[in-house]
Each structure stands twice: as C-alpha cells, then as structure tokens.
Amino acid sequence: MSSEEALGSALSHWFSFNSWWLLLPFVMLLVVAAFIVAFVLLLYMISPLISPKPLKLNGAHVVVTGGSSGIGKCIAMECYKHGAFITLVARDEHKLVQAKKEVEKCAINDKQVVLCISVDVSKDYNQVESVIKQAQEKLGPVDMLVNCAGTSISGKFEEVEVDRFKKMMEVNYLGSVYPTRAVITTMKERRMGRIMFVSSQAGLIGLFGYTAYSPSKFALRGLAEALQMEMKPYNIYVTVAYPPDTDTPGFAEENKTKPLETKLISETAGVCQPEQVAKVVVKDAVQGNFSSSFGPDGYMLSALTCGMSPVTSITEGLQQIVTMGLFRTIALFYLGSFDSIVRRCMIQREQSKAADKRE
C-alpha cells in the first residue's frame, strides 16, 4: 500500500470515528426521549390499577350538610339523579322542605327517599351524632358524606368584628368535623365510603378581604390531608372541592358588604352556576379524587398548591410535576395584577379623602 493510500485510509477512519462521536449526543437524546415516552405510557397503563374503585351512587345513602340551598342542594339533586337516597341537613326547616321538593323532582325510580333533618352542625357534636344515627336507621349506613354547610363574610381585617373569626371556624371547620366524626366509625367497619369537604378557591389562596373566611377554608385542606392518610387503608377516600365564586344566595348576601378590592379581584375569575359545580365535584368524589377544582383557574391553583397532598393516580402526580413551573410563572402575573388593584383602590380612597377635606 502506498503512502497516499495509507493516508487516505487513515483519514477515512478518523472521519468515520469522529462522525460517530458527533452523532452520539443525538443518539442519547433519542434514547432518553424513547425512555420518557415509554415511562409515560406505562404510567397511563398502570394508573387505573392503583386508582380507587368508583362509588356506585345508585342505591347509596348520601348525606349533604348545608343541603337546603346553593351548591349543597345542587349536589343533592345531582346524586339523586344517579339513584341515591338523600339526607338533607340544614338549620332552616322551611328551606329544607322546599329543597326536598326540588330534589324529589330528580328521582329516577320510585324507591328513592329524601330525608330532612334540621340541626346546626357547628354547635353540639352529640346532637349531630344523634341525627346521623337517625338517618342511618332510616336509610342505611352513610356511603358518602358531603360537608357543604358554610358561610362567608368579607371585610378588612381591622373592620371585621373579633367574634366573626370564631364564627367562621365554628361553621366552616367544626361544621365539617362533627358530621365526619359521626360517620367515620361505620365507614371504617364497612371498609368503604366517600367524604367530601366543600372548601373554596379562597381555601387555596388568601385574598384581600378574606382574613376571616380564608383561614376557615384552608383548615379543611389540612383536615382532609391528615384524614385521608388515616382512612386510605380502609378504602375510604376524601375529596376537597374548591369551587370558585358561585351564584348562590350566600354569595349574593356576601356581595352586599364586600370591599371594592375583593370585588375587583373576584371579577377576574367570573361567577359559576351551582349546577355546573355540583356535576364536577360529585364526579370527583365518586372517583375518589382528592382534589376537585373547577375551570382553568381552579386547576392551576390546585396544581400550584398541591404540596404534599395525596394523589389518586400516578398520571395526576406527573401532570402536577410537569405544569408546576409554568403555572407559577402565570401566578406571578396574577399576583401582580391583584397588588395593582389594591394599590389603585388605596390611592383613589386617599384622593377622595383629600378632596373631602379641601371642601
């Protein structure tokens, strides 16, 4: 072999060898991409195997506190449409009777029954336990408890009467603790059940004017997370619902005294109908999903604040991991706009005061 041929052979070998090293990063990238795709497909395949078995509402006994109006009444109607037996719990007997008539119109068979019980679920645990026992004696063990009893007030921190903070915790938090405590023993014995806590988007983010309301709704999240860890071995699944502003009598009453800043911030998300919210939260509770949100804003808030909360499928956890950074970026713009609203209202208020003084 001549020196020229040897040189050509060496150069050819060198280029061939270096071309392989140049392609290596692309090959590794393809391998990693293929691995990720395979991993995601595997998650989707095994996810149904680890998710809870859906609860059958047909023939189930569903107890709804705060069921005489608003979201609670609509949840009762939605469950009744699926064949459930309903116990409505609320304070106002007249409203309960009216709600019962509306729920009964949604019956799908002649066997269904709507039971009404008038009691304040936030006052006396022994009384709550007693009425739950009465309901179970008449309609059987409770398969699903919906804690929807609640109230809301809004106002600047220093303007809210001190006793109102206590009232919020009693109604919104203890009003969910007492009924849950009353049904949990039977659920554990039967090794089945669903418990829903109706919180609020204000239970995911603290907003201007909600210094009394938000903490009481945040508390439900902590209760739900701890309770789910205790109840999961018994096939009992907890759902926390985070509905947005919803067109209910309570919302209309709250708007009468809502600060301007709170109104302007709330308007960025719009107002939903209780029937729409009921469909979503009932579906999530039946599936055993821990978090139930409504709309794009609600989904983003739930994903952003998931923290150490439980998941009912691997895919849910994967979605939270993938979207966290993007949602945090979007959230910063939201927070900036909220701060801008608060500053603008403060400046307008100060200018108005100054004008009044000059006059």
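Using a cut-off of 10 Å between beta-carbons, work out the net charge of the residues near Gly307 (Lys and Arg +1, Asp and Glu -1, Gly307 not included). Kindly include the intermediate steps, with their values, before the conclusion.
Working: positive: Arg221; negative: Glu225.
So the surrounding residues net to 0.
Can you give me the long-range amide H partners of Thr87? Hydrogens built in the peptide plane at 1.01 Å from N, cutoff under 5 Å, separation of 5 or more residues or another chain.
Placed amide hydrogens put Val62, Val63, Val64, Leu115 under 5 Å from Thr87.
Based on Cβ point charges of +1 for Lys and Arg and -1 for Asp and Glu, what charge dipole magnitude is obtained for region 48-101 about its Cα centre, in debye rounded to the nearest 20? Let's see the in-between values first.
Details: 8 positive and 3 negative charges, 20 e Å.
Roughly 100 debye for region 48-101.
Straight-line reach from Lys256: which lysines have a Cα under 17 Å away, not including same-chain ones fewer than 8 places off?
Lys156
Once the other residues with Cβ under 12 Å from the Cβ of Ala285 are scored (Lys, Arg +1; Asp, Glu -1), what is the net sum?
On the way: positive: Arg194, Lys279, Lys283; negative: Glu78, Asp143, Asp284.
In short, 0.
Per residue Cα convex hull volume for region 113-227, in cubic angstrom? Write down the numbers at each step before the final one.
Working: hull volume 12.4 nm³, N = 115.
Spread over its residues, the Cα hull of region 113-227 gives 108 Å³ apiece.
How large, in percent, is the carbon and sulfur part of the accessible surface of the chain at a probe radius of 1.4 Å?
61
Output needed for region 190-251: three equivalent-ellipsoid semi-axes, defined as square roots of 5 times the C-alpha gyration tensor eigenvalues, in descending order, whole Å. Walk me through the intermediate numbers first.
Working: eigenvalues 141, 35, 10 Å².
For region 190-251, the semi-axes come out at 27, 13, 7 Å.
From the cross-link list Lys53/Lys101; Lys101/Lys232; Lys73/Lys283; Lys56/Lys101; Lys81/Lys258; Lys138/Lys188, which pairs have alpha carbons spaced over 26 Å apart? Don't skip to the end; give the middle numbers.
On the way: Lys53/Lys101 32 Å; Lys101/Lys232 36 Å; Lys73/Lys283 16 Å; Lys56/Lys101 24 Å; Lys81/Lys258 35 Å; Lys138/Lys188 20 Å.
With Cα atoms farther than 26 Å apart: Lys53/Lys101; Lys101/Lys232; Lys81/Lys258.
May I ask for the net charge around Val113, where only other residues with Cβ less than 11 Å from the Cβ of Val113 are counted and Lys, Arg are +1 while Asp, Glu are -1? Please list the in-between numbers first.
Values: positive: Lys100, Lys111, Lys138; negative: Glu104, Asp110.
Summing Lys/Arg as +1 and Asp/Glu as -1 gives +1.
Please give the per residue accessible area of the chain, computed with a probe of 1.4 Å over protein heavy atoms only, in Å². Walk me through the numbers on the way to the answer.
Working: 19670 Å² over 359 residues.
For the chain, the solvent-accessible area averages 55 Å² per residue.
Work out, in µm²/s and without decimals, the Stokes-Einstein translational diffusion coefficient of region 198-297 at 25 °C, 0.890 mPa s, Rh from Kirkwood over C-alpha pairs. If you can, show how the numbers build up before the last one.
Working: Rh = 14.5 Å.
Answer from the Stokes-Einstein relation: 169 µm²/s.
For the chain, what mean projected area does the convex hull of the alpha carbons give, in nm²? Could the numbers behind the result be given before it?
Values: hull surface 118.5 nm².
Mean orientational projected area (the chain, Cα hull): 29.6 nm².
If you scale each eigenvalue of the Cα gyration tensor by 5 and take the root, what three semi-axes come out for region 48-151, rounded to whole angstrom and sorted largest first? Before the final figure, lay out each step's value.
Values: eigenvalues 90, 56, 35 Å².
Semi-axis lengths for region 48-151 are 21, 17, 13 Å.
Determine ³J(HN,Hα), in whole Hz, for all residues of region 245-252 in sequence, where each value follows from phi through the Karplus function 6.51 cos²θ - 1.76 cosθ + 1.60 and θ = phi - 60°; x replaces Gly and Pro.
In residue order, the calculated couplings are 4, 10, 6, 10, x, x, 5, 5 Hz.
Along Cα→Cβ, 7 Å out, is where each label goes; now give me the distance between the ones at Met229 and Asn255 in nm to one decimal.
Spacing of the two 7 Å Cα→Cβ label points: 4.1 nm.
For region 241-359, what is the per residue volume of the convex hull drawn over the alpha-carbon atoms, in cubic angstrom?
Numbers: hull volume 13.9 nm³, N = 119.
Taking only Cα atoms, region 241-359 has a hull volume of 117 Å³ per residue.
With helices defined as uninterrupted DSSP H runs, which ones in the chain have an alpha carbon span along their own long axis of at least 15 Å and mean Kyte-Doolittle hydropathy of at least -0.5? Please report the intermediate quantities before stating the final value.
Working: long enough: 3-50 (69 Å, 1.60); 70-80 (16 Å, 0.75); 93-104 (16 Å, -1.24); 125-139 (21 Å, -0.83); 175-190 (24 Å, -0.38); 213-231 (27 Å, -0.02); 274-287 (20 Å, 0.09); 314-358 (64 Å, 0.02).
The qualifying helices are 3-50, 70-80, 175-190, 213-231, 274-287, 314-358.
The values are calculated or read from the model by the stated rules, or taken from the named source; none is laboratory data. Computed from a predicted model, the values in this text were never measured in an experiment. Positions of Cβ are generated from backbone atoms using ideal geometry, with glycine treated the same way; all protein chains shown enter the neighbour counts. Calculation scope for accessible area: heavy atoms of the full protein, side chains included, ligands and nucleic acids excluded. Shrake-Rupley method; radii C 1.70, N 1.55, O 1.52, S 1.80 Å.
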